[in-house]
1. Tell me whether the stretch B:107-123 contains one or more residues that are within 28 Å of B:CYS251 (Cα to Cα), β-branched (Val, Ile, Thr) and within 14 Å of another protein chain (Cβ to nearest Cβ).
2. Does the stretch B:635-654 contain any residue that is away from every other protein chain (no Cβ under 11 Å) and more than 18 Å from B:VAL585 (Cα to Cα)?
3. Looking at (1) under 30 Å from B:ALA528 (Cα atoms); (2) facing another protein chain (nearest Cβ under 10 Å); (3) not small (Gly, Ala, Ser), can you tell me which one B:VAL79 breaks?
4. Go over the candidates A:ALA151, A:ALA66, A:ALA165, A:ALA91 one by one and state the one that is more than 10 Å from every other protein chain (Cβ to nearest Cβ), modelled with pLDDT under 90 and open to solvent by 60 Å² or more (accessible area, probe 1.4 Å).
5. Can you give me the ranges of the strands (runs of 3 or more DSSP E) entirely in the stretch A:164-236 with at least 3 residues that are in the same structural domain as A:LYS128 (by TED's automatic domain parsing) and not charged (D, E, K, R)?
6. Quick check on the stretch B:21-34. Is at least one of its residues open to solvent by less than 20 Å² (accessible area, probe 1.4 Å), in contact with a strand residue (DSSP E or B) (Cβ under 8 Å, 6 or more places away or on another chain) and at the interface with chain A (Cβ under 9 Å from one of its Cβ atoms)?
7. Of all residues in the stretch B:638-690 being within 13 Å of B:ALA462 (Cβ to Cβ) and among the β-branched types (Val, Ile, Thr), which is nearest to the chain's Cα centre (by Cα)?
Amino acid sequence: MRSHGKGANRTILDCLFRRNGGRKSGFSAAAGAAGAGSLLRGARLRGSGAVPLAADKKGLEIVTTASSADHPTRRDFLYVATGAVASVGAAATVWPLVSQMNPDASTVAAGAPIEVDLTPIAEGQDIKVFWRGKPIYISHRTKKQIEEARAVSVSSLPDPQSDEARVKPGHDQWLVVVGICTHLGCIPIAHEGQYDGFFCPCHGSVYDTSGRIRQGPAPTNLAVPPYTFVSDTKIQIG
Amino acid sequence: MSGPSDFQPTNPALKWIERRLPIMGLMHSSFVAYPTPRNLNYWWTFGAILSFMLVVQILTGVILAMHYTPHADMAFKSVELIVRDVNYGWLLRNIHASGASMFFFAVYIHMFRGLYYGSYKEPREVLWILGVIIYLLMMATGFMGYVLPWGQMSFWGATVITNLFSAVPYFGESIVTLLWGGYAVGNPTLNRFFSLHYLLPFVIAGVVVLHIWALHVAGQNNPAGVEAKTEKDTVPFTPYATMKDMFGVSCFLLFFAWFIFYMPNYLGDAENYIPANPAVTPAHIVPEWYYLPFYAILRSIPNKLAGVVAMFGAILILAFLPWLDSAKTRSSKYRPLAKQFFWMFVVVCIGLGYLGAQPPEGIYVIVGRILTFLYFAYFLILLPLLARIEKPRPVPNSIADDVLAKTGGKPAPMVSTVIALMVAGGLLLGGAESARAAEGSTKPPAQKWSFSGPFGKFDRGAMQRGLKVYKEVCASCHGLSFVAFRNLAEAGGPGYSVAQAQAFASEYKVKDGPNDQGEMFERPGRPADYFPSPFPNEQAARAANGGAFPPDLSLITKARSYSRGFPMFLIDFFTQYQEQGPDYVTALLQGYEDKPPAGFNLPEGSFYNTYFPGHAIKMPKPLSDGQVTYDDGSPATVAQYAKDVTHFLMWAAEPHMEARKQLGLQVFVFLILLTVLLYFTKKKVWANAH
């Protein structure tokens, strides 16, 4: 196309701002028509530069009407406008087709906060509850476990975070963490590993009694879900 | 597909690929340089429209399959959850469901076009037969897709159609058992239908490739029916045909969108909003409109095997068309007799479609037999005969001559074509619609609803009052199991706040569990919970209600309908009237008579209702004046209660109705703009060729 006329290489701005429409010959106007019409078929054709010169081949360029030769600006604007509107439509159509993949309303509603009663959990024990499809570990830590968690120097940790920042003030014995290994999503086993915390059997990540990563491939500490103490013996997760 | 291409990319990377896999050359020669006759009219755009529809159906179908559960106990509910909970689920479902009808609508035009212009004649026989195969595959796919929502029509349609195979001598019963995977239509049937419904569209796509290949080898037929001889007879596919096709698709989209956004249930059957019940067959089993002509042929033949053979024969006979019609002239334009008989044949087909929806009794059976005879006579007697006796008019020497002869004459106006199509389609649909007539009942008066029409919105006050009526009266017997408390606070709903919905939910006791002790327990409702049903199961409900089963009200306004009759159903298409359900429910609630009319034998334990089909209803008069207290000063009358609770139930049946109509308006503004632009673009592009 490049060799045949300006039609195919015009930009939108060219089309909008060119004032002198009359200078084009009948031939290039017809070639422009064939080329710009195919603009709508996508950049592939323009890129390959092989739009057939239909009018040219068929010897039809003479048929070009006076009006189209006189007002190429208006015609180009038409092509660009049509292409733009069609593209907007195509883009708008993609939205619902992608949006439907997000969690549906019932899933979102089922992800509402849950309340957990802590009274049955004895010191040194832990339970697993599910919130939003994820296992949440609630550990009732012993004095020893808390001390272990606080004895370590924070700056030496791979993901430095103090134990105080991972529990609620005044409720030091309760550790609430999302039981999903931050490496690749397996569920670590509680009370295992050399730090008395969690051990992930998949790839050997070891977490301490505060759920912090101490050894292995996991990059960060076990996540603490949003939760609050409704009373001393009841928490709300979410 | 049309021989070696001289296409050569300039980009080195593309050149590298092209040398190893000449795919760009293939695309270029097939869809860019491909010579297409200059004189094609708009009937030829239906090929592109069909390709477009196939893509739409596959795309929406694959997406719907992500959310659908093919299990007899869950299929119906999963479809409802798609519509209610999945983002834009209602849109995708409407597109897919009415898309099936649009697909058939377009294929029928495509087929009649081929018939009229002799597109099946030498050298296009294989092209035509591939088309017949695609049509058969489409029918199978459409049928199995209709089974998936697992409503009453799904279930009984599956039963009736699979039973067709029981007509096969000796092996019939075994074949049917094989198809079902059980002793009756059931979960295995649903599962395999889902699997095949997913598979067949891709088979169709494969055969479509062959169909286009064959088309590009033989070249397109055209209205003149003479082959393209010189370059003057053709124009390159791009931009000429592509622009014209895009304009055609855009016009078709306008028609399509009318169904998607404004009349989504016009083509469906209200009965299919009732979950499948193997114990009760609906009063009228009617297939989807696109099968009706063949259904009429099936019923016209009094012998079971002969009926099934005739029905399949009516489709398969199309494959033999190239040899049945041996006339040399292709286009009916130049065949004065064939042209008239063609239109008569169209009328016969529409007539059969109309009859397929009527009850098989009286005059309908006789007319059905006559039309069935005429259908076969057209192919077996008339076409062979015409080829021998008809004297065709001279055809033009070339396509270019045909075009020149036409210049100066007016091009066929698209608008009148579209209207003619709509009317013809409407007539067929009307046939389907009138079959839903509830016999022995009075037509409910049409009410004014704030939610009707293209700009319809729900009335929040009416919905809140209606919810109160439901809670205080209806809920003692009827469930509302697809509606969750959270829905009460959603946009387009009764307009409660999240806190209000939460408070409303906490007034209910919801069964949950098991707890740590393994026991079920009751707790206050949460927004995510659904309205609890008053009875634990159907047996308990029947035991408590004198043997009758109070239906769940979640979908009642969509699951009930009545016949509007001719010509109202046609007018309804344009006025977007689709409130048969609400009209019926309101009328029913007010339609109780203390004393049945003289001569009416009211069964024990029933009550007389003017609007109930058969008049004997098991539900006692539910509402009386003053029964529910309104806080907003609305009259505490039965009429007001009935209207309010129906208003609420309409929302319960379609919680996204407001969103549907709003998006519809935006889509229409956009589509009209696009269509106008495409029209002028197409005109400019074609200015050189005419």
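The values are calculated or read from the model by the stated rules, or taken from the named source; none is laboratory data. Every value quoted in this text rests on a predicted model; they were computed, and no experiment measured them. With ideal geometry, Cβ positions are generated from the backbone for all residues, glycine too; neighbour counts draw on all protein chains shown. Side chains included, ligands, DNA and RNA excluded: accessible areas come from the protein's heavy atoms. Shrake-Rupley method; radii C 1.70, N 1.55, O 1.52, S 1.80 Å.
1. Keep residues of the stretch B:107-123 that are within 28 Å of B:CYS251 (Cα to Cα), which gives B:107-120.
Adding the requirement that they be β-branched (Val, Ile, Thr) leaves B:107, B:109.
If we keep only those that are within 14 Å of another protein chain (Cβ to nearest Cβ) as well, we get none.
No, the conditions are met nowhere in the stretch B:107-123.
2. Residues of the stretch B:635-654 away from every other protein chain (no Cβ under 11 Å): B:635-654.
Subset that is more than 18 Å from B:VAL585 (Cα to Cα): B:635-636.
Checked against the condition, which is being away from every other protein chain (no Cβ under 11 Å) and more than 18 Å from B:VAL585 (Cα to Cα), the stretch B:635-654 yields at least one hit.
3. (2)
4. On inspection, the qualifying residue turns out to be A:ALA66.
5. A:174-178, A:196-199, A:227-231
6. Just the residues of the stretch B:21-34 that are open to solvent by less than 20 Å² (accessible area, probe 1.4 Å), to begin with: B:25, B:28-30, B:32, B:34.
With in contact with a strand residue (DSSP E or B) (Cβ under 8 Å, 6 or more places away or on another chain) added as a condition, the list becomes B:32, B:34.
Still in the running and at the interface with chain A (Cβ under 9 Å from one of its Cβ atoms): B:32.
Yes, the conditions are met somewhere in the stretch B:21-34.
7. B:THR646
Here is a yes/no grid of residues against (1) within 21 Å of B:SER30 (Cβ to Cβ); (2) in a helix (DSSP H, G or I); (3) open to solvent by 20 Å² or more (accessible area, probe 1.4 Å); (4) not assigned by TED's automatic domain parsing to the domain that holds B:HIS110:
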residue: B:LEU178; (1), (2), (3), (4): no, yes, yes, no
residue: B:THR189; (1), (2), (3), (4): no, yes, no, no
residue: B:TYR198; (1), (2), (3), (4): no, yes, yes, no
residue: B:VAL209; (1), (2), (3), (4): yes, yes, yes, no
residue: B:ASN222; (1), (2), (3), (4): yes, no, no, no
